[in-house]
Amino acid sequence: MGYDRRGTFDRDAQREEDVLLRRAAATGLRQLQTPESIPVMESVLANPGEDRLVRLSAAYGLAESGRSTGVAGLTRIFEESSGDEQGRGLAFRALTSLNDERALPFMRQLVVSDAEPTYRLQAIRFVTTQGDQEALSALQAVIDAPDEHTAVRDAAAQAHRILSGR
């Protein structure tokens, strides 16, 4: 609980402490990975009004436990975090750290998106590492785009050569 200088209750401080507590609890649930924690994480992820970082911990925990709802949640958090670089970066790192083929559709989409080149380059590396043959058409679209960022085009060309065996 927080109090302002006059000794009166400060609701903003309580809300901040509450968010920090929920973030810590969500991280703990993610780390526990017990059967009892799965429905709690699913409920947290399904609540769009919940703090983004709390939902991110729940999504990551679900993805780590093999639930496709976790991967979908991480991609949703990435997409909704365009104005929040911390949330966007954390969601993306969680997705790539899974090293999981369930993230491939999202990564293919990211390759041809207008997202920051850094994310697109990492998505190209991800589809290449996964040996994703379905990414060839997305990579070709990047190669053929006349106004594409040079580093992204070069990475797409190299990935296309690797994946197509040329």
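The values are calculated or read from the model by the stated rules, or taken from the named source; none is laboratory data. Here the structure is a predicted model, which means the values were calculated and not measured. Note that each Cβ is placed from the backbone with ideal geometry, even for glycine, and that neighbours are counted across all protein chains shown. What goes into the accessible areas is simple: the full protein's heavy atoms, side chains included, and nothing from ligands, DNA or RNA. Shrake-Rupley method; radii C 1.70, N 1.55, O 1.52, S 1.80 Å.
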Residues of segment 89-99 being open to solvent by 20 Å² or more (accessible area, probe 1.4 Å), in contact (Cβ under 8 Å) with a residue 12 or more places away in the chain and over 14 Å from D132 (Cβ atoms), in sequence order, are L90, L98
Some residue of segment 100-120 being over 24 Å from H160 (Cα atoms) and surrounded by fewer than 16 Cβ atoms within 10 Å (Cβ to Cβ): no
State the number of residues belonging to segment 107-166 that are under 20 Å from the mean Cα position of the chain (by Cα) and farther than 25 Å from L74 by Cβ. 0
Among the residues of segment 98-115, how many are of a type outside the set (A, V, I, L, M), closer than 18 Å to V152 by Cα and outside any loop (DSSP other than H, G, I, E, B)? 3
Quick check on segment 57-68. Is at least one of its residues under 10 Å from the mean Cα position of the chain (by Cα) and of a type outside the set (K, R)? yes
Checked A138, A123 against criteria (at pLDDT 95 or above, touching a helix residue (DSSP H, G or I) at 6+ places or on another chain (Cβ under 7 Å), part of a helix (DSSP H, G or I) and more than 23 Å from A58 (Cα to Cα)); the one match is A138
Qualifying residues in segment 18-49 (those that are among the charged types (D, E, K, R) and part of a helix (DSSP H, G or I)) - the one least open to solvent (accessible area, probe 1.4 Å): R30
Residues of segment 137-165 being of a type in the set (A, V, I, L, M) and crowded, with 18+ Cβ neighbours inside 10 Å, which ones? A138, L139, V142, V152, A155, A156, A159, L163
Pull up segment 52-86, narrow it to residues that are open to solvent by 30 Å² or more (accessible area, probe 1.4 Å) and part of a loop (DSSP other than H, G, I, E, B), then point me to the one that is farthest from D100 (Cα to Cα). G83
Pair list, Cβ under 9 Å, 6 or more apart: segment 154-165 residue within 14 Å of D132 (Cβ to Cβ) and assigned to a helix (DSSP H, G or I), other residue of a type in the set (A, V, I, L, M, F, W, C) and open to solvent by 70 Å² or more (accessible area, probe 1.4 Å): none
Where a residue in segment 129-147 is over 14 Å from L110 (Cβ atoms) and its partner, wherever it lies, is open to solvent by less than 90 Å² (accessible area, probe 1.4 Å) and of a type in the set (S, T, Y), with Cβ under 9 Å and at least six apart: Q133/S164; L136/S164
So, A91, is that one within 20 Å of E116 (Cα to Cα) and either in a helix (DSSP H, G or I) or of a type in the set (A, V, I, L, M, F, W, C) (or both) or not? yes
